[in-house]
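In what follows, a structure is listed as structure tokens, so that the remarks can point back to it.
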Amino acid sequence: MASYTVVVTDHDFENLDIEREVLGDIADLVTLTDDVGQERNDAADVLAAADGVLNLRYDIGADLVSSMESCRIIARYGIGVDNVATDTARELSIPVTNVPDYCLEEVSTHALSLLLSLNRGVTTYDASVETGAWDRDVAAPLSRLSSQTVGIVGFGAIGRAVAERLAGFGVDIITSDPFLSAEDLEGHDAELVSFEQLLGRADYITIHSPLTDGTRGLFGPSEFEQMKETAALINVARGPIVQGDALRDALDAGEIAGAGLDVFPTEPPAPDDALRTHDNVVTTPHVAWYSEEANAERRRAAAQNVRAALEGEAPENVVNGVE
């Protein structure tokens, strides 16, 4: 008989075979909801019985964390932990873990895909050809990529992976990260600049910062005014880092030339959200992280962290300072 109860707050997986493979001999798995985004009124009662929690996108606020009297770990299926009350968990000595490196290749490649699509006018040409046209000028003017400057906001693991992939294209790479010094960039083909300098110099800006109080709404009217009229913004990080209304206004006013968005302030965006259909915006549905390999890797890593905590061992990648 299993000794523990592990609650999976939410998931969109076909099944929980990976989790059962890792935890099945020591824990019963209980699913709070298998409909991502749907809340349960009795969530606190279910979580009160949890020895461990596996979390995708369910909002685990301070009230829910406080109900977890038996919980030994909250393990996120991903990188960001903005949907978990990490401070409350720390006060209750509950470690919160993430999986920081499961999709480095996928996210960095996706950012580059959006950038290249914008640089070469791919979606504009594709839509034009579908209508029967054969017109070079529909996406003109286009600039040679090697003549461009790419600004990377946030030079952590993913930002650095983006820089590595961009290096082969001959672009100039600049980055802004308040937690780094010039010495931290040694060995990387990137120049550390202030955020304001990056806004003014970059032809493409790609965001790779976590969502925090300091980055929420980071890109608003003032920031778009400082960008080049020919510049494009790429966001594969977190939607609320960019103020949606301000981005729409900037695009409509010609303050910037385009955007590549994998994430939105509200997901999914409203059916009438102009960013869905804007001629100068390339969109994907929050899939930058996705590959079959990455999905399996994050699930296994999160489950292994839960197992470690239940067996009295130290889990990996604790983000809230609980030993």
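Every read-out reported here was derived from the displayed coordinates using simple, explicitly stated rules and does not represent laboratory data. It should be emphasised that the depicted structure is a prediction, and the values quoted were computed from it without experimental measurement. Reconstructed Cβ throughout: ideal geometry from the backbone, glycine too, with neighbour counts over all protein chains shown.
Every condition in (1) over 19 Å from Val81 (Cα atoms); (2) in contact (Cβ under 8 Å) with a residue 24 or more places away in the chain; (3) surrounded by fewer than 17 Cβ atoms within 10 Å (Cβ to Cβ) is met by Ser222 except one, and the failing one is (2). Within the stretch 160-186, residues that are in contact (Cβ under 8 Å) with a residue 12 or more places away in the chain and aromatic (Phe, Trp, Tyr) reach partners that are surrounded by 12 or more Cβ atoms within 10 Å (Cβ to Cβ) and in a helix (DSSP H, G or I) with beta carbons closer than 6 Å, at six or more positions or on different chains, in the pairs Phe169/Leu145. Among the residues of the stretch 229-247, just one is surrounded by 24 or more Cβ atoms within 10 Å (Cβ to Cβ) and in a helix (DSSP H, G or I), namely Leu247. Val65 falls short of the stated requirement of being surrounded by 16 or more Cβ atoms within 10 Å (Cβ to Cβ), over 19 Å from the mean Cα position of the chain (by Cα) and part of a strand (DSSP E or B). When only residues in the stretch 191-215 that are over 17 Å from Asn235 (Cα atoms) and not basic (Lys, Arg) count, which is surrounded by the fewest Cβ atoms within 10 Å (Cβ to Cβ)? My answer is Asp213.
If you check Thr5, Thr88, Thr31 for being in contact (Cβ under 8 Å) with a residue 24 or more places away in the chain, assigned to a helix (DSSP H, G or I) and of a type in the set (S, T, N, Q), only one passes: Thr88. Among all positions in the stretch 184-199, there is at least one residue which is assigned to a helix (DSSP H, G or I), among the aromatic types (Phe, Trp, Tyr) and within 24 Å of Leu116 (Cα to Cα). Within the stretch 248-269, residues that are under 16 Å from Ile234 (Cβ atoms) reach partners that are of a type in the set (Val, Ile, Thr) and surrounded by 12 or more Cβ atoms within 10 Å (Cβ to Cβ) with beta carbons closer than 6 Å, at six or more positions or on different chains, in the pairs Ala250/Ile256; Ala257/Thr230; Ala259/Val281; Gly260/Ile234; Gly260/Val282; Leu261/Thr283; Asp262/Val236; Asp262/Thr284. Every listed requirement among (1) more than 26 Å from Ile241 (Cα to Cα); (2) in contact with a strand residue (DSSP E or B) (Cβ under 6 Å, 6 or more places away or on another chain); (3) of a type in the set (Val, Ile, Thr) is met by Val129 save one, (2).
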